[in-house]
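The structure appears below as structure tokens.
The values are calculated or read from the model by the stated rules, or taken from the named source; none is laboratory data. Given the structure is predicted, the values throughout are model-derived calculations rather than measurements. Glycine also receives a Cβ, built like all others from the backbone with ideal geometry; neighbour counts cover every protein chain displayed. What goes into the accessible areas is simple: the full protein's heavy atoms, side chains included, and nothing from ligands, DNA or RNA. Shrake-Rupley method; radii C 1.70, N 1.55, O 1.52, S 1.80 Å.
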Amino acid sequence: MPNKPICILYIDDDPALVRLAQRVLGRRGYTVEHVTTGEEGLTRLMRGNIDVVILDHHLPTGTGMDVLARLGAWELAPPVVYVTGSADTRIAVNALKAGAADYVPKTVADEFLELLASAVEQALVQARLEREKATAEREVREARDRAEILLGEVNHRVANSLALVAALVRMQASAIDDTAARNALEETQTRISAIAGIHRRLYTSEDVRFVEIDEYLRGLIEELRVSMKASGTFDIRLDVEHLAVPTDKAVSIGVIVNELVTNACKYAYYGKPTGQIRVGFRRDGGNTALLAVEDDGVGWDGEGLPRGTGLGSRIVKAMAGNLGSSLQYANSGRGTQVKLQFSL
């Protein structure tokens, strides 16, 4: 409660000293309750509403260290100011290690009581700061959890919406007689599906900032195998290192792989119903990755006019630009090899 008086529990078997402390602390607006043993103190603490404990070292049964040990197992124990008349500094060190907020040696009465009052005030401030810190950290965790749940739901809805759009495009393509228009719509459908795959990964991921690229590309390749059946039976092989890739980069990688594999299926083995296509992705140095798509078809070095509309080539170049990289073509006469090196 905002106006609740501060209540101090003094555990000590010296009633005269406690009465002096009650007067001094009472003038500062504190209420001081007194018990003489550790057992009585723990019983009182379990009833709650104690803000600070003043704990003497020497008690009728055991020591204050026994009480500290019991309080150490409590989740919300009040701060403890440890008191002793012993000159052994090891007691102070052990008390602080055991969880005491402060330590006050018993000396001349007036000096001791002033030090005790100051230690109580500091313990209260420290406890308040720790409570505020714990509350702030809890609120941050709760806000982060809510944001992650909402983001997961958004990715789920986006994935479903993109899947619906892809299905509508596929239906439209099947209703068109014009071959060029139908092919264009089918290519659009695979591009939409490639991006939808990212969002499917995100809403089941524990960290939406990253995508496990091997799992994502494996799913993408399976979808491409199905969608390219009409063009032939292609042996699409995947060799991908297990890496967590930032989400925005994973989108560009997925679109690039989709375009290059689709182009290889359509043009690399022109006139042939089968052929091998290899997709590789691995770390290439510290924070650099290498993406490669290869085939053993007719070969193309990236020069001259591409087959088809050229839209796929422009999309791949744009996605490479998003990755801060450019395409490298190698034509050994036995097919085409496209490489892309970029920072993760």
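Couple of notes before you dig in:
- Note that the range 58-98 carries a Kirkwood radius of 11.0 Å, evaluated over its alpha carbons pair by pair.
- Label point distance in nm, W74-T107, each placed 7 Å from Cα along Cα→Cβ: 3.0 nm
- Cα convex hull, the range 93-178: 104 Å³ per residue, rounded to a whole number.
- Exposed loop sites here are GluC sites (Glu not before Pro) assigned a DSSP state other than H, G, I, E or B and surrounded by at most 10 other beta carbons within 10 Å; excluding them, the longest clear run of the chain is 76-205.
- A simple spin-label model places the labels of L129 and L290 5.4 nm from each other, with each point 7 Å out along Cα-to-Cβ.
- Contour excess over end-to-end distance, with Cα ends at H58 and A136 and 0.36 nm allotted per residue: 24.3 nm
- Computed extension length for L150-R334: 61.3 nm, one decimal, from 0.36 nm per residue of separation with the Cα-Cα distance subtracted.
- Quotient of C-alpha Rg and 2.2 N^0.38 Å, computed over the chain: 1.78
- Three-way shape label, the range 7-139, alpha-carbon gyration tensor, a/c 1.5: rounded
- Given R0 = 22 Å, the distance between the Cβ atoms of N322 and A180 translates into a calculated FRET efficiency of 0.20.
- Coarse-grained scattering of the range 143-261 at q = 0.20 Å⁻¹, given as base-10 log I(q)/I(0) from a Debye sum over alpha-carbon atoms: -1.10
- Stretch gain in nm, segment E241-T274, where the contour uses 0.36 nm per residue and the Cα spacing is subtracted: 9.2 nm
- Under-5 Å amide H pairs with L243, H placed in peptide plane, nonlocal only: I213, D214
- Put a dot 7 Å past the Cα of A167, heading toward its Cβ, do the same for R47, and the two dots end up 6.7 nm apart.
- Per residue, the accessible area of the chain comes to 55 Å², computed with a 1.4 Å probe over protein heavy atoms only.
- Listed by chain and number, the aspartates and glutamates whose C-alpha is less than 15 Å from the C-alpha of K272, apart from same-chain residues fewer than 8 away, are D235, D295, D296.
- What a 1.4 Å probe finds exposed on the chain is 53% carbon and sulfur by accessible area, rounded to a whole percent.
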